[in-house]
1. Look at PHE123 and say whether it is out of contact with any strand residue (DSSP E or B) (no Cβ under 6 Å at 6 or more places or on another chain), over 23 Å from ARG68 (Cα atoms) and surrounded by fewer than 18 Cβ atoms within 10 Å (Cβ to Cβ).
2. Confirm whether SER113 is surrounded by 15 or more Cβ atoms within 10 Å (Cβ to Cβ), modelled with pLDDT under 95 and polar (S, T, N, Q).
3. From the list ALA171, ALA130, which residue is farther than 20 Å from VAL193 by Cα and either of a type outside the set (Phe, Trp, Tyr) or in contact with an Asp or Glu (Cβ under 7 Å, 6 or more places away or on another chain) (or both)?
4. Going by what's in this entry, would GLU117 be described as of a type in the set (Asp, Glu) and either on the phi > 0 side of the Ramachandran plot or within 14 Å of the chain's Cα centre (by Cα) (or both)?
5. So the check is Cβ under 9 Å with 6+ separation or different chains; which pairs have a first residue in segment 25-44 that's over 14 Å from ALA119 (Cα atoms) and a second one that's basic (Lys, Arg) and surrounded by 13 or more Cβ atoms within 10 Å (Cβ to Cβ)?
6. I need a count of the residues in segment 75-131 that are in contact with a Ser or Thr (Cβ under 8 Å, 6 or more places away or on another chain) and acidic (Asp, Glu).
7. Among the candidates VAL19, VAL106, single out the residue that is under 21 Å from the mean Cα position of the chain (by Cα), assigned to a helix (DSSP H, G or I) and either at pLDDT below 95 or charged (D, E, K, R) (or both).
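The values are calculated or read from the model by the stated rules, or taken from the named source; none is laboratory data. In this text, all values refer to a predicted model and were calculated from it rather than measured experimentally. Cβ coordinates were reconstructed from backbone atoms using ideal geometry, including for glycine residues, and neighbour counts include every protein chain displayed.
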Amino acid sequence: MPLRREREIVLLQILYLFVIPVILLYFDVVPTSLRALMLLAICAILFAIVRHEKWKPETIGIHSPNHRWYVPYSIFTLTGIAMLLYVAHELGYVPASHWWDNPRFVLLFVPISILQEFAFRGFLVPSLKAIKMTRAMVVIVTTFLFMLIHIIYPPLQVALPVSFIGGLAFALMYEKYPNLFLASLAHAALNFVAVLYGFFVIK
């Protein structure tokens with residue numbers, strides 16, 4: 001397939017699967033209570049594309065674990081948690097009580113973290129690289145799209161900076177250590193702390 005045509009397809013995929021759904025949620029065209037279902041549907045479409053295009057598991061970051069990567073991902077995750085706890089302390093945020101009674105909370109930080117990592121790291125990163133984007137552009141595009149999906153979580157003055165920094169950190173980390181499983185674990189742990197302390201409010 002000509003590169004120009006491939007670029008058009010990737011840009012349309014970004015528009016229809018990464019941008020328009022967020023806009024529909026943000027303006028309440030689609031109720032925010034359906035965001036998890038929408039993310040699941042989008043990931044099902046992405047998975048269908050991956051199957052149709054016959055991508056190898058390694059392309060989406062699924063391969064035998066490199067044990068040397070456990071330490072960098074552990075340091076990355078613990079550093080991220082420490083930073084979130086520090087900012088929470090400075091802002092006067094306290095952990096949510098009885099979070100285990102909120103099914104949306106429980107569903108947010110594990111399954112949704114995995115789905116987001118599949119969408120952004122497993123699908124989007126190789127798609128952008130396939131159309132010859134530089135590594136820097138891949139990091140920039142995925143960071144801003146990652147921040148965009150968080151506009152549905154108030155308070156925006158907190159959610160947007162946190163998601164921008166998180167998106168940038170994950171993009172850089174995945175460039176050096178492209179492992180979907182480790183990235184998903186890190187994302188789940190950081191999501192748990194971020195939601196626990198109210199960086200992203202679940203309605």
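1. Values: out of contact with any strand residue (DSSP E or B) (no Cβ under 6 Å at 6 or more places or on another chain): yes; over 23 Å from ARG68 (Cα atoms): yes; surrounded by fewer than 18 Cβ atoms within 10 Å (Cβ to Cβ): no.
Judged against the criteria, PHE123 is not a match.
2. yes
3. The match here is ALA130.
4. Values: of a type in the set (Asp, Glu): yes; either on the phi > 0 side of the Ramachandran plot or within 14 Å of the chain's Cα centre (by Cα) (or both): yes.
So GLU117 fits the description; yes.
5. LEU25/ARG35; SER33/ARG104
6. Within segment 75-131, residues that are in contact with a Ser or Thr (Cβ under 8 Å, 6 or more places away or on another chain) and acidic (Asp, Glu) number 1.
7. Values: VAL19 fails: either at pLDDT below 95 or charged (D, E, K, R) (or both).
Sole residue among the options that is under 21 Å from the mean Cα position of the chain (by Cα), assigned to a helix (DSSP H, G or I) and either at pLDDT below 95 or charged (D, E, K, R) (or both): VAL106.
Listed here are the residues, each with its yes/no results for (1) modelled with pLDDT of 95 or more; (2) exposed (fewer than 14 other Cβ atoms within 10 Å of the Cβ); (3) assigned to a helix (DSSP H, G or I).
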residue	(1), (2), (3)
ARG4	no, yes, yes
VAL10	yes, no, yes
ILE14	yes, no, yes
LEU39	no, no, yes
TRP55	yes, no, no
TYR73	yes, no, yes
LEU78	yes, yes, yes
PRO95	no, yes, no
ALA119	yes, no, yes
